[in-house]
1. All but one of (1) of a type in the set (Phe, Trp, Tyr); (2) surrounded by fewer than 16 Cβ atoms within 10 Å (Cβ to Cβ); (3) touching a His at 6+ places or on another chain (Cβ under 8 Å) hold for PHE69; which doesn't?
2. Quick one: which of GLY12, GLY6, GLY22 is within 13 Å of the chain's Cα centre (by Cα), of a type in the set (Gly, Ala, Ser) and open to solvent by less than 60 Å² (accessible area, probe 1.4 Å)?
3. Give me a count of the residues in segment 90-121 that are free of Cβ contacts under 8 Å to residues at least 12 places away in the same chain and in a strand (DSSP E or B).
4. So in segment 36-51, with the set limited to residues that are in contact (Cβ under 8 Å) with a residue 40 or more places away in the chain and crowded, with 23+ Cβ neighbours inside 10 Å, which one is nearest to the chain's Cα centre (by Cα)?
5. Could you check how many residues of segment 57-113 are under 10 Å from the mean Cα position of the chain (by Cα), polar (S, T, N, Q) and farther than 19 Å from PHE10 by Cα?
6. If LEU30 passes every condition in (1) touching a Leu at 6+ places or on another chain (Cβ under 7 Å); (2) open to solvent by 10 Å² or more (accessible area, probe 1.4 Å); (3) in a loop (DSSP other than H, G, I, E, B) but one, which one does it miss?
7. Name the pairs: first residue in segment 1-20 and outside any strand (DSSP E or B), second residue among the aromatic types (Phe, Trp, Tyr), Cβ to Cβ under 6 Å, at least 6 apart or on different chains?
Amino acid sequence: MMRDSGRSSFIGCEAQEEYRHGFYAEGCSLLSFSACCADSNGQQDSTYSGYYLKNTQLSTLMGCNSTSFHSPSWQYTGATFENCSGITSVLSVNNQLSRSNYVLKGSNAKLSLTINGEAVR
């Protein structure tokens, strides 16, 4: 979990079987996630995301994946973006409890999302 942070890079990191979100960033800017894996998070009650960015701007998730090896999945969705701006994301997502690869909440601007090879926004 990161709050009010900036200019941080995460390369080849893994969040597996976390109690809540795999990676959570709130009020952050200039974050870079590269080749990271969020796997089977949300043990608390299966309402959590592999990646959750809230009020975050000018950040990237490149070549990251979000999955769950549990069946049914614990992880609600691959990525959630809430009130974000200037986010570029290229994710591989599979086996999410909600059957939704990503969720948008609030007002998001300037998002470039590619999920499983398809530009979705």
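1. Unmet for PHE69, out of (1) of a type in the set (Phe, Trp, Tyr); (2) surrounded by fewer than 16 Cβ atoms within 10 Å (Cβ to Cβ); (3) touching a His at 6+ places or on another chain (Cβ under 8 Å): (3).
2. Details: GLY12 fails: within 13 Å of the chain's Cα centre (by Cα); GLY6 fails: within 13 Å of the chain's Cα centre (by Cα).
None of the other options fit; the residue is GLY22.
3. Qualifying residue count, segment 90-121: 2.
4. At the first step, the residues of segment 36-51 found to be in contact (Cβ under 8 Å) with a residue 40 or more places away in the chain are 38, 42, 46, 49-51.
Okay, now just the ones that are also crowded, with 23+ Cβ neighbours inside 10 Å, so 38, 42, 49-51.
Values: ALA38: 8, GLY42: 13, SER49: 6, GLY50: 5, TYR51: 2 Å.
By that ranking, first place goes to TYR51.
5. 2
6. Unmet for LEU30, out of (1) touching a Leu at 6+ places or on another chain (Cβ under 7 Å); (2) open to solvent by 10 Å² or more (accessible area, probe 1.4 Å); (3) in a loop (DSSP other than H, G, I, E, B): (3).
7. Cβ pairs passing all conditions: MET1/TYR24; ARG20/TYR48.
The values are calculated or read from the model by the stated rules, or taken from the named source; none is laboratory data. Here the structure is a predicted model, which means the values were calculated and not measured. FYI the Cβ positions are ideal-geometry reconstructions off the backbone, even for glycines, and counts take in every protein chain you see. The protein model used for the area step is the full one, side chains on, heavy atoms only, and it has no ligands, DNA or RNA in it. Shrake-Rupley method; radii C 1.70, N 1.55, O 1.52, S 1.80 Å.
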